[in-house]
Amino acid sequence: MNEQNRNYPEGSAFYSELRKRYLTATIWQTLFLSALVIAVVSLTALIYNVLDGAFGYVAFEYKNDPAEFTPTPIHELTKEELLVILKEGLSSGAYNKLDNEQKMEKRSQSELYILFLERLLQIDTKATWSMTDSLTRGDEIRAEVAEKYPDAELEFRSWLTPQFLTTPMSSKAEFAGVRTAVLGSLWLVGIAILFALPVGVGAAVYLQEYAPKNWLTNIIQTNINNLAGVPSIVYGMLGLAVFVRLLETLTSGAAFGVTDSNGRTVLSAGLTMGILVLPLMIINAQEAIKAVPDSLRQAAFGVGATRWQTVWYHVLPNALPGIMTGSILAISRTLGETAPLIVVGASTFISLDPDSPFSKFTALPIQIYQWTTRPQAEFHAIAASAIIVLLVLLLSLNATAILLRNRFQRRW
Amino acid sequence: MENINYAIETNDLSIHYGSFTAVKGVNMKVERQKITAIIGPSGCGKSTLLRAFNRMNDFVPGCHVTGKLLLDNQNLYGKDVDPVEVRRKIGMVFQKPNPFPKSIYENIAWGARINGFKGKMDELVEQSLRSAALWDEVKDKLQQSAYALSGGQQQRLCIARTIAIQPEIILMDEPASALDPISTLRIEELMQELKKNYTIIIVTHNMQQAARASDYTAMMMIDDQRAGGVIEFDDTKTIFTRPGDKRTEDYVTGRFG
Amino acid sequence: MKEETLNIKPMETRGFRQFNLKKKLRISEALIQGLLFFAGILSIFVTVAIVYELGKEALLFFNDPDVTLGKFFGTTKWQPGIGQYGIWALVSATLTTSSIAILIALPLGLASAVYLSEYATQKMRSILKPILEILAGIPTVVYGYFALLFVTPILKTIFKDGIQVYNMLSAGLVMGIMILPLIASMSEDALSAVPRSLREGAYAMGATKLETSLQVVLPAALSGIGAAVIVGISRAVGETMIVAVAAGAGPNFSFNPLDAAETMTGHIARISGGDLSYNTIDYTSLFAIALMLFLVTLVLNLISQWVVNKFREQYE
Ligand SMILES: Nc1ncnc2c1ncn2[C@@H]1O[C@H](COP(=O)(O)OP(=O)(O)O)[C@@H](O)[C@H]1O
Ligand SMILES: [Mg+2]
């Protein structure tokens, strides 16, 4: 058969060519896979880097000698002993102030211990080491400390402690916590969702169920897709111009009798975040509504339901899991966004819990940013701890989303 | 050798999708440089059988084959057989034309290039297009996208690119079912041309086409377990005039179902 | 009588009924529809507000007699407080960091996409895709930490004194890692959208998997991949925290990745994070930068959407 044109390698020639082709294929396949390996390695490195920073040796000195306060080794102090020491050591004014914040007797041993360290012994961190260094170079570190800081104690410390979660900001890294920041973040999430959820679902319902196919609908849809791609810092500028400045009387609470505030409140920031996550919210709700089969709508119309009754009783309940997943994505975004908060003026130092929409605020990512950009290593350590808090929050949110998705997944 | 005249032989060939047996116990000998048609109601496993001939089913997860499929006395599903070489020797034209999103010229040159073609590419392109009766229509627009062609032209381009790599056998799965009658006729004429050089196996559900164009016909039908099988295999004339099986008679005369 | 407890009378006694099929005004329905429409149109207001507010302040900036377009686009020092308005000082850093990011994210993202869509088994996908999703979900400030405290020290051991503590290379590299999942997932969508028949066509000609993937599937998905790259660029240009933490705090006209420099976004973040009073040139200049950012990313996003839609049509 076609003898006229035998220009293809046959037999062993074909096989040697084929072997070359397979070799190339293997090389490329390895290259493709290594891209994913790089991604995995990066993620591992990032997580390792954070953990590495949050635990490790600390060399510190006490400004005041523990022996001045008690003969007992300080680690063994009981709650009662600590109470006595604090009462004696602190000025009565300082003691009463603390007592007013929270009854001293009601405080736990560890809280009192921290007060003791902070107020009386006055801890002074000389150096910190990463977890890896601490585990692999323990002896060197001990030698180094003995030489450089003969009075210092060396301790392996987890910077992430229960107190870290419950104490507010402090100018000393050893005593700083993320309480104010976590509460601020929760306020932001609350305000943002309160705005974005109803508006987002409303917009999605309008676009999927009501909107006629015309140029206006087209523009709205394109516009939403575009808004989803606008850099977050631009939303920050919008929030600054509109909520912080233009609507200051409302967002500062001046219109409601609040006097000691300007527009840089958790309300302004929350609304800015609400607008930022709105496109995400709409797009996800649209997807969820789209997935509800038409037969359901027709069934509802068939028994004489109005459009809204159809939407309210049939479409929305069935789209709910998708809408919830979208909300969780929006919450995650609100928890992690930093740039717009800087622009609308998150406070850099604040230790009062936010207690109204008109409070000044800080947020978890803002604290991470602040602490990361400090030169002292102990601040990097608490930045790492705050990152762990943030990542754990985000991971549990996402786990919830996945559970929701699996639980409510319907097969039509 | 006894089977020198046969391009493909199957030996109790069964094809399974997971635990479901789609085609069962096929024994047939496909003669060289002839056109063999496979007919039967839809869902009876025609495509599945055809795709087994050049191991296209390898890409369907869970699909596996039992029994034997012999090409030149080698089992196509033997352990040391390379599927890429199998497909290079047994080309395929699909139901819907699927030219690559490249120029007309590239559509043909690509397969030749990957298979290590050493001759003059321009000549090969022209020769293949001529063999597929497409040259005159496209000779002035070889660099245009293949998507600009009509459906019938696209299908002939797919035939041309298959011819270009000079396979032994060409498989065609309802190659004309997506085409208009005039394009269909051209494809049929083309097949008569091609059988001088190639062995052709064609799946069709168009009875006239099978009767007109093929030398042999295999009739497939499903059994009560929904497994398809070849119930009759003979020359086309016999199948259409004196079928041995009642079901075949019902089917070819249109009395089926 | 039983009859009385039944609301529905037997057919025969219902009598003749007059149907009224005229349109009824349902007030609550109309009200709800109005509200929904408002929710839908609100996003337009957001865009208008962005353009208006950014434009208004930017106009104030450009109306300053000291500021000229020539200075703005023609000089390379940025210090509005002392009359230096050369935007290039910031644009250079944005270009440098974004280029590095794309240089990293494009090949890695594309290779990941090809592997996931053409090679990976179902099981591998179920492990690898969540990893990419986690990578995509990490807040950028965390990437900033990673850049400054992990990548920069490594770069320091490589380049020794040749590299500054804050540098664009570290920020760009980490930004590339951040954008990788985006490019990977968009490209994977584009690759998966290529019909199976095309792959089968290639296999039927004796092509190997690699030849099919690289020479048939990839070119067929090219426009979708292009859209992914454009979105990636837009993300890189708009990214703030990584550069704010790791790239440097001060405008510096430089394209050298080893230098410290401040991007447009980083500059906005730093200046607005300080004490900023309204109606100063510092304040209005930030809006001018933000407007530029908005317009650039808008154009990029529009192009990418257009490409994606075009691509979708091709296979429908
Ligand atoms: N990829 C597949 N996976 C599982 N079952 C399949 C697949 N393709 C075809 N089948 C089943 O195999 C049987 C034969 O299909 P097919 O070969 O396409 O029939 P025909 O081409 O004769 O219409 C059908 O029952 C069909 O449902
Ligand atoms: Mg078929």
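Taking Cα centroids, how far is region B:41-99 from region C:105-142 in Å?
33 Å
What pairs from A:K126/A:K148; B:K34/B:K89; A:K20/B:K118; B:K89/B:K195; A:K79/A:K126 go past 18 Å between their alpha carbons?
A:K79/A:K126
When the Karplus curve 6.51 cos²θ - 1.76 cosθ + 1.60 is applied with θ = phi - 60°, which whole-Hz ³J(HN,Hα) does each residue of region C:214-221 get, with x for Gly and Pro?
7, 9, 10, 5, 4, x, 5, 9
If each Cα of region C:70-311 is one equal point scatterer, what is log10 of I(q)/I(0) from the Debye formula at q = 0.15, 0.17 Å⁻¹?
Relative scattering, expressed as log10 I(q)/I(0), comes to -1.02, -1.18.
If you take every residue apart from C:T96 with its C-beta less than 14 Å away from the C-beta of C:T96, what net charge results, scoring Lys and Arg +1 and Asp and Glu -1?
Details: positive: none; negative: C:E239, C:D259, C:E262.
My count for the surroundings of C:T96 gives -3.
Rounded to the nearest 100 Å², what is the buried accessible area between C and A, both sides summed, probe 1.4 Å?
Rounded to the nearest hundred, the buried surface is 6600 Å².
Between C:Q164, C:Q305, C:Q215, where does the largest GNM mean-square fluctuation fall for chain C, given springs only between Cα atoms within less than 10 Å?
Result: C:Q215 has the largest fluctuation of those listed.
With only alpha-carbon pairs counted, each pair once and no self-pairs, how large is the Kirkwood hydrodynamic radius of chain B in angstroms?
For chain B, the Kirkwood estimate is 18.8 Å.
Given q = 0.08, 0.18 Å⁻¹, what are the Debye log10 I(q)/I(0) values for region A:179-408, with equal point scatterers placed on the Cα positions and solvent ignored?
-0.35, -1.26
May I have the pair-distance distribution P(r) for chain A, computed from all Cα-Cα distances with 10 Å bins from 0 and rounded to whole percent?
Bin by bin from 0 Å, the calculated values are 4, 15, 20, 20, 16, 11, 7, 4, 2, 1, 0, 0.
So what is the diffusion coefficient of region B:1-141 in µm² per second by Stokes-Einstein at 25 °C and 0.890 mPa s, using a Kirkwood Rh over Cα pairs?
It comes out at roughly 142 µm²/s.
Any idea of the accessible area per residue across the protein assembly as shown, 1.4 Å probe, to the nearest Å²?
I get 45 Å² per residue for this part.
Out of the chymotrypsin sites (Phe, Trp or Tyr not before Pro) in region A:308-385, which ones are loop residues according to DSSP with at most 15 other C-beta atoms within 10 Å?
Counting only loop positions with at most 15 other Cβ atoms within 10 Å, the chymotrypsin sites (Phe, Trp or Tyr not before Pro) in region A:308-385 are A:F349.
What ranking do A:240-253, C:91-104, C:266-279 get when scored by the average of other Cβ atoms within 10 Å per residue, highest first?
Peptide ranking by packing, descending: C:91-104, A:240-253, C:266-279.
Treating only the Cβ atoms of Lys and Arg (+1) and Asp and Glu (-1) as charged, compute the dipole magnitude of the protein assembly as shown about its Cα centre; round to the nearest 20 debye.
2980 debye
Of the heavy-atom accessible surface of the protein assembly as shown (probe 1.4 angstrom), what whole percent is carbon and sulfur?
58 percent
Looking only at C:I154, C:I127, C:I281, which one moves most when chain C is put into a Gaussian network model with springs between Cα atoms under 10 Å?
Comparing C:I154, C:I127, C:I281 in a Gaussian network model of chain C, the most mobile one is C:I127.
Specify the inter-centroid distance of region C:253-285 and region A:107-163, based on alpha-carbon positions, in whole Å.
So the separation of the two Cα centres works out to 38 Å.
Per-residue mean of other chain beta-carbon atoms within 10 angstrom of the beta-carbon, peptide A:333-340? All intermediate terms of the calculation are to be shown ahead of the outcome.
Details: counts 2, 0, 1, 7, 5, 10, 13, 3.
That average works out to 5.
Mind checking the mean number of beta-carbon atoms from other chains within 10 Å of the Cβ atoms in B:103-111?
So the per-residue partner count for this stretch is 2.
In terms of modelled amide H atoms, which long-range or inter-chain residues lie less than 5 Å from the amide H of B:Y6?
Sorted by chain and number, the residues that satisfy this are B:R32.
How big is region A:54-158 on each of its three principal axes, counting only the C-alpha atoms and giving the largest first in Å?
45, 26, 21
For the protein assembly as shown, max minus min Cα coordinate along each principal axis, in Å, sorted largest first?
117, 95, 68
Rounded to whole Hz and in sequence order, give me ³J(HN,Hα) for region A:239-247 from the Karplus expression 6.51 cos²θ - 1.76 cosθ + 1.60, θ = phi - 60°, writing x for Gly and Pro.
For region A:239-247, the Karplus-derived couplings read x, 4, 5, 8, 6, 6, 9, 4, 9 Hz, x marking Gly and Pro.
Within straight cross-link reach of C:K24, meaning Cα distance under 17 Å, which aspartates and glutamates are found once same-chain residues fewer than 8 apart are removed?
none
Ordered by residue, what ³J(HN,Hα) values in Hz, to whole numbers, does region A:91-99 give under the Karplus form 6.51 cos²θ - 1.76 cosθ + 1.60, where θ = phi - 60° and Gly and Pro are x?
Those phi angles translate into 5, 5, x, 5, 5, 5, 4, 4, 5 Hz.
The values are calculated or read from the model by the stated rules, or taken from the named source; none is laboratory data. Source: prediction; values computed, not measured. Note that we place each Cβ from the backbone using ideal geometry, even for glycine, and neighbour counts take in every protein chain shown. Calculation scope for accessible area: heavy atoms of the full protein, side chains included, ligands and nucleic acids excluded. Shrake-Rupley method; radii C 1.70, N 1.55, O 1.52, S 1.80 Å.
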